[in-house]
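First comes the structure, then the notes that go with it.
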Amino acid sequence: MIIETRFNGPPGSGNGGYCAGRFATALAGAGPAEVTLLRPPPLDVPLTAVDDEIRDPDGTVIARVRPVGPVDATVPGVDRATAVDASTRYPGFVDHPFPTCYVCGPQAPAGLRIFPGPLSDGRTAAPFVVPETVEPAVVWAALDCPGGWAVIAPGRPYVLGRVAAEVHDLPAPGTECVVVGALIGTEGRKALVHSTLYAPDGTLLARARATWIALPPPRV
């Protein structure tokens with residue numbers, strides 16, 4: 001498989017949620033799966049699925065995948081109006097560590113443009129207009145950043161380290177769904193977050209639990 005440039009997260013590497021979804025589909029099919037990212041997924045490079053691993057052309061292991069049981073990570077949803085209002089307070093409009101991110105980058109006009117803003121109880125919420133072409137990896141991507149923005153703070157960037165997701169149904173193209181995220185806890189540089197995607201009528205479509213890793217401060 002090849003992760004195309006438009007699916008980037010941090011500059012020069014793939015969006016963690018989208019890549020994890022591609023890797024999970026390749027190795028675990030449509031069932032719930034957990035993906036551990038060991039290296040930033042490279043862009044425009046042929047990747048190979050071998051046993052439970054994704055490897056680059058040099059044989060370096062990029063990720064490991066394993067099937068899991070049901071993902072118990074449901075974040076209570078909100079209505080569309082609440083999600084739209086929250087998105088107007090998206091911190092990434094002012095300070096974004098990766099502004100061209102395929103999922104949540106304000107400088108990615110061809111991306112998913114999911115801008116999760118804070119709710120009063122600490123959750124994040126955003127509307128999500130489903131693209132014309134939707135696959136499981138797009139749903140994994142939509143679940144990714146809303147969880148991350150529950151912990152990302154100015155000057156404190158995080159990246160996805162591990163994610164387990166369960167996709168019950170794909171959203172219909174062109175519909176406006178709602179995605180919510182929540183911080184569950186932190187331990188050192190690690191943050192555990194949950195996220196859930198809801199259809200316009202409130203039906204639960206997919207959910208994920210993820211571990212995000214704070215990047216160390218730059219050396220002076």
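The values are calculated or read from the model by the stated rules, or taken from the named source; none is laboratory data. What you see is a predicted model; the values in this text were computed from it and never measured. Heads up, the Cβs are rebuilt from the backbone with ideal geometry, glycines too, and the neighbour counts pull from every protein chain shown. To get the accessible areas, we keep the full protein, side chains included, count just its heavy atoms, and leave off ligands, DNA and RNA. Shrake-Rupley method; radii C 1.70, N 1.55, O 1.52, S 1.80 Å.
Restricting attention to segment 1-39, the residues being in contact (Cβ under 8 Å) with a residue 60 or more places away in the chain, part of a loop (DSSP other than H, G, I, E, B) and open to solvent by 60 Å² or more (accessible area, probe 1.4 Å) number 2. Within segment 192-216, the set of residues being within 20 Å of PRO136 (Cα to Cα) and of a type in the set (Phe, Trp, Tyr) comprises TYR198 only. Do we find a residue being surrounded by fewer than 19 Cβ atoms within 10 Å (Cβ to Cβ) and part of a strand (DSSP E or B) anywhere in segment 41-48? Yes, because at least one residue in segment 41-48 is surrounded by fewer than 19 Cβ atoms within 10 Å (Cβ to Cβ) and part of a strand (DSSP E or B). Scanning segment 108-118 for residues that are more than 14 Å from ASN15 (Cβ to Cβ) and free of Cβ contacts under 8 Å to residues at least 60 places away in the same chain returns PRO109, PHE115, GLY117, PRO118.
Exactly one residue out of ALA150, ALA126 is touching a Phe, Trp or Tyr at 6+ places or on another chain (Cβ under 6 Å), free of Cβ contacts under 8 Å to residues at least 60 places away in the same chain and surrounded by 16 or more Cβ atoms within 10 Å (Cβ to Cβ): that is ALA126.
So, ASP56, is that one under 19 Å from ALA20 (Cα atoms) and in contact with a helix residue (DSSP H, G or I) (Cβ under 6 Å, 6 or more places away or on another chain) or not? Judged against the criteria, ASP56 is not a match. Scanning segment 24-64 for residues that are of a type outside the set (S, T, N, Q) and closer than 25 Å to ARG207 by Cα yields a count of 23.
Okay, residues lined up against (1) open to solvent by 20 Å² or more (accessible area, probe 1.4 Å); (2) in a loop (DSSP other than H, G, I, E, B); (3) without any contact (Cβ under 8 Å) to a residue 40 or more places away in the chain:
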residue: VAL139; (1), (2), (3): no, no, no
residue: ASP144; (1), (2), (3): no, no, no
residue: VAL159; (1), (2), (3): yes, no, no
residue: ALA164; (1), (2), (3): no, no, no
residue: ASP169; (1), (2), (3): yes, yes, yes
residue: PRO173; (1), (2), (3): yes, yes, no
residue: VAL179; (1), (2), (3): no, no, no
residue: ILE184; (1), (2), (3): yes, no, yes
